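Heads up, the thing below is written out as structure tokens.
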Amino acid sequence: MDPENVLELICSAPERYETVRAALRHRGDGATMRILRDRYRASEAHRLETAGSSDASEEVGYAEPDGPFGWRCRVWYAKVSPERGVRDRLEVELPREVYPGGGVHISAWDGRVSGPSTAVSARIGGGPPEGDPPWLWMAQDGFWSTYLFDFDGIAGFPLESRELRVEGVTRKAGREAIRLVGVPAEEWDHWPEPLWWGADEYEFLVDSERGVLLRCASRLGGEDFDALEVEEIHFDERFPAEVFSSRQPMPWP
């Protein structure tokens, strides 16, 4: 399979499932992220993106710690209709290095864009959300997990503008996956979230049947410094109604 076929598979992923239930893990290296953020702030790309309105010499705060960090979460994701979009539920494990007793942060959305809606935000165990470190705030934002299921639509990243190559087939989370590796074709002219400006390689493991990403990593010097990967995934299950309204952790079959 050539890169163009894999890109078509990724773009068509939302057509290949009705629901997704997945357990995910994120791992990052804050020290490398800080170096790349500083480089970006001194770059022409940053000047263009901010229209010259920011001072690269100003001190800034960093969301990430100065070292390794990460989190685990569970996601329920369901398509509804073009009018209502998707419904989703996110349960983030509160890391024990932050809250020794652990716990879970819950957020859910029923997909309604008009009329009565259900938006859930709850926490079982741990401390109040106001005490979370900034990197844990990101973990509780559904963008940083659900983009794996609709990378083209949610992230909006123009994969076509990268130099891509297929490096064979492997397995991930019990699924057959195509390994797609990308190298920037030219220097970025913006910050390419959820990927990283300044990485020298991007790795994607693409589910060969469904087109969702089973792994998305930014790499530098042959090592991951930011990676989100699927540990367990299930498609086309029927979710009980309370998945998108319960303020308690859901059972995990």
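The values are calculated or read from the model by the stated rules, or taken from the named source; none is laboratory data. For clarity, every value in this text was computed on a predicted model and none was experimentally measured. Heads up, the Cβs are rebuilt from the backbone with ideal geometry, glycines too, and the neighbour counts pull from every protein chain shown.
Tabulated results
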{"quantity": "Test for Pro249: is it at pLDDT below 95 and either among the aliphatic types (A, V, I, L, M) or closer than 24 Å to Asp88 by Cα (or both)", "calculated": "no"}
{"quantity": "Qualifying residue in the range 168-187 (condition: polar (S, T, N, Q) and modelled with pLDDT of 90 or more)", "calculated": "yes"}
{"quantity": "Subset of the range 144-165 that is part of a loop (DSSP other than H, G, I, E, B) and aromatic (Phe, Trp, Tyr) - its residue that is modelled with the lowest pLDDT", "calculated": "Phe157"}
{"quantity": "Any hit, the range 231-239, residues being surrounded by fewer than 18 Cβ atoms within 10 Å (Cβ to Cβ) and under 14 Å from the mean Cα position of the chain (by Cα)", "calculated": "yes"}
{"quantity": "Leu48, sole failed condition from (1) at pLDDT below 90; (2) farther than 30 Å from Glu130 by Cα; (3) surrounded by 13 or more Cβ atoms within 10 Å (Cβ to Cβ)", "calculated": "(3)"}
{"quantity": "Residue list for the range 1-48, filter: in a loop (DSSP other than H, G, I, E, B) and within 23 Å of Val181 (Cα to Cα)", "calculated": "Met1, Asp2, Ser12"}
{"quantity": "Whichever residue in the range 81-108 is out of contact with any strand residue (DSSP E or B) (no Cβ under 7 Å at 6 or more places or on another chain) and outside any loop (DSSP other than H, G, I, E, B) and, among such residues, is modelled with the highest pLDDT", "calculated": "Gly85"}
{"quantity": "Ala227 being modelled with pLDDT of 95 or more, over 30 Å from Asp38 (Cα atoms) and in a strand (DSSP E or B)", "calculated": "no"}
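Residues checked against (1) closer than 21 Å to Pro14 by Cα; (2) modelled with pLDDT under 90; (3) out of contact with any Phe, Trp or Tyr (no Cβ under 6 Å at 6 or more places or on another chain):
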residue	(1), (2), (3)
Ala63	no, yes, no
Pro68	no, no, yes
Asp110	yes, yes, no
Val113	yes, yes, yes
Ser117	no, yes, yes
Pro134	no, no, yes
